[in-house]
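A.B. asks: Dropping a structure here in structure tokens format, bear with me for questions.
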Amino acid sequence: MAEPSHTGISINRRRWLQILIGFVIAVLIFYLLFSSIEWRATVKALKQANPWWMLAAAGSIFINGIAKSQRWRTLFPPTQPPPGRRETFGILMAGQVVNFILPLRSGDIFRAYFVGRDRGASTASAFGTIGAEKLVDVILVGVVAAIVLPMVVLPSWANIDGSQVGIISLAAIAGWLGLFLALPAIRRLLTRWGQRSAFSARLADIIQRLLDGLTALQEWRRLPVLLMWTVAVWGTAITTNLLLFQALALPPSLLNAILVLIFVYGGVSVPVTPGQLGVFEGMIVLALSLVGVAPAVALAYALLLHGLVLLIPALIGGLWLYNRSRVSD
């Protein structure tokens, strides 16, 4: 009995160490931001922010969460029907809360676990749907970046242009198509490999279930619905940025709104700090500085956006977790 307990303690210590390191990095980034920016101007911009535009932005973030949950439901395979709409929305919001607190995209694991545990379904298959979700976003980010970045003067150290991003995007799309064309052959190989031993059978079954989560991207009849919800996800995210531009009396530029979205997505794809504190703000200050927004105002914008992005899921996801705990009790 002592051995499992020891292992649990060591895992907990390792996780707390990761969180601590993340917070240290966040504090360092904030220190660098505030030491290089006139923070009094940032505070002044925050005080002058229009609360009605901020409320509208909060509503846009709420709708964005609904669109994300509906898109996630679209990705579930026919053999594993998705949870109900409210349940999917609650799990998604709670997963984002977990991502804010724990490192290494733990919220995505949480989402797959709850879908599998609550419904007796495959956790691996649910995790595959999350992988499909990320794949769609990565490809779309690449395509949009290839269109937008040539319109912006990037700093010399960035050493990248739109054509390079476009090539990466095309490679990702080609890899996507290649994977799905090869899926039948991959499944046959897994079936044969799984016959070698009990261990290989178990591992092959897990991989097969992961692949099940990608089947929605193969079914052409589901692609229009998936595209519709993806447009809704990105459209509401861009709308949120535009509304917050209005809150700070900045020009509501569509190009700037898309640029912020690209930089934030690229910056937070690799989890470094809890809630991406510091990284989120730094990427937005960088993006807006490229289009002539004063760094102090850009930081105010970043703090407002990040605050709302953290607050809305925290309220909804926290309420969902509270209700789940009451049901479990």
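The values are calculated or read from the model by the stated rules, or taken from the named source; none is laboratory data. It should be emphasised that the depicted structure is a prediction, and the values quoted were computed from it without experimental measurement. Note that we place each Cβ from the backbone using ideal geometry, even for glycine, and neighbour counts take in every protein chain shown.
A.B. asks: Modelled with pLDDT of 90 or more, more than 20 Å from Trp39 (Cβ to Cβ) and part of a helix (DSSP H, G or I) - does that describe any residue in the stretch 297-310?
C.D. replies: yes
Residues are listed down the side, and each one gets a yes or a no for (1) farther than 22 Å from Ser289 by Cα; (2) modelled with pLDDT under 85:
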position: Ile37; (1), (2): no, yes
position: Val43; (1), (2): no, no
position: Leu46; (1), (2): no, no
position: Ala49; (1), (2): no, no
position: Ala56; (1), (2): yes, no
position: Gly59; (1), (2): yes, no
position: Lys68; (1), (2): yes, no
position: Thr74; (1), (2): yes, no
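A.B. asks: What are the residues in the stretch 311-329 that are at pLDDT 85 or above and of a type in the set (Phe, Trp, Tyr), if any?
C.D. replies: Trp320 - this is the single residue of the stretch 311-329 that is at pLDDT 85 or above and of a type in the set (Phe, Trp, Tyr).
A.B. asks: So for the stretch 221-229 (the condition being buried (at least 17 other Cβ atoms within 10 Å of the Cβ) and at pLDDT 75 or above), does at least one residue qualify?
C.D. replies: Taking the stretch 221-229 as the starting set, the residues that turn out to be buried (at least 17 other Cβ atoms within 10 Å of the Cβ) are 226, 229.
Now narrow it down to the ones that are at pLDDT 75 or above: 226, 229.
The answer is yes, given that some residue of the stretch 221-229 is buried (at least 17 other Cβ atoms within 10 Å of the Cβ) and at pLDDT 75 or above.
A.B. asks: With respect to Val231, determine if the residue is among the β-branched types (Val, Ile, Thr), without any contact (Cβ under 8 Å) to a residue 24 or more places away in the chain, on the phi < 0 side of the Ramachandran plot and part of a helix (DSSP H, G or I). Before you say what the answer is, go through the steps one by one.
C.D. replies: Values: among the β-branched types (Val, Ile, Thr): yes; without any contact (Cβ under 8 Å) to a residue 24 or more places away in the chain: yes; on the phi < 0 side of the Ramachandran plot: yes; part of a helix (DSSP H, G or I): yes.
Criteria met by Val231.
For (1) surrounded by fewer than 17 Cβ atoms within 10 Å (Cβ to Cβ); (2) in contact with a Leu (Cβ under 9 Å, 6 or more places away or on another chain); (3) under 12 Å from Ala45 (Cβ atoms), each residue gets a yes or a no:
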residue: Gly292; (1), (2), (3): yes, no, no
residue: Ala298; (1), (2), (3): no, yes, yes
residue: Leu305; (1), (2), (3): no, yes, no
residue: Ala314; (1), (2), (3): no, no, no
residue: Leu319; (1), (2), (3): yes, no, no
residue: Tyr322; (1), (2), (3): yes, no, no
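A.B. asks: Going by what's in this entry, would Trp72 be described as of a type in the set (A, V, I, L, M, F, W, C), touching a residue at least 60 places away in the same chain (Cβ under 8 Å) and surrounded by fewer than 17 Cβ atoms within 10 Å (Cβ to Cβ)? Please lay out each step first, then the result.
C.D. replies: Details: of a type in the set (A, V, I, L, M, F, W, C): yes; touching a residue at least 60 places away in the same chain (Cβ under 8 Å): yes; surrounded by fewer than 17 Cβ atoms within 10 Å (Cβ to Cβ): no.
The answer is no for Trp72.
A.B. asks: Select from the stretch 75-97 the residues that are surrounded by fewer than 19 Cβ atoms within 10 Å (Cβ to Cβ) and in a helix (DSSP H, G or I) and list them in ascending order.
C.D. replies: Arg85, Arg86, Glu87, listed by residue number.
A.B. asks: Please work out which residue is farthest from Val279 (Cα to Cα), limiting yourself to the stretch 247-263 and to residues that are without any contact (Cβ under 8 Å) to a residue 24 or more places away in the chain and part of a helix (DSSP H, G or I).
C.D. replies: Leu254
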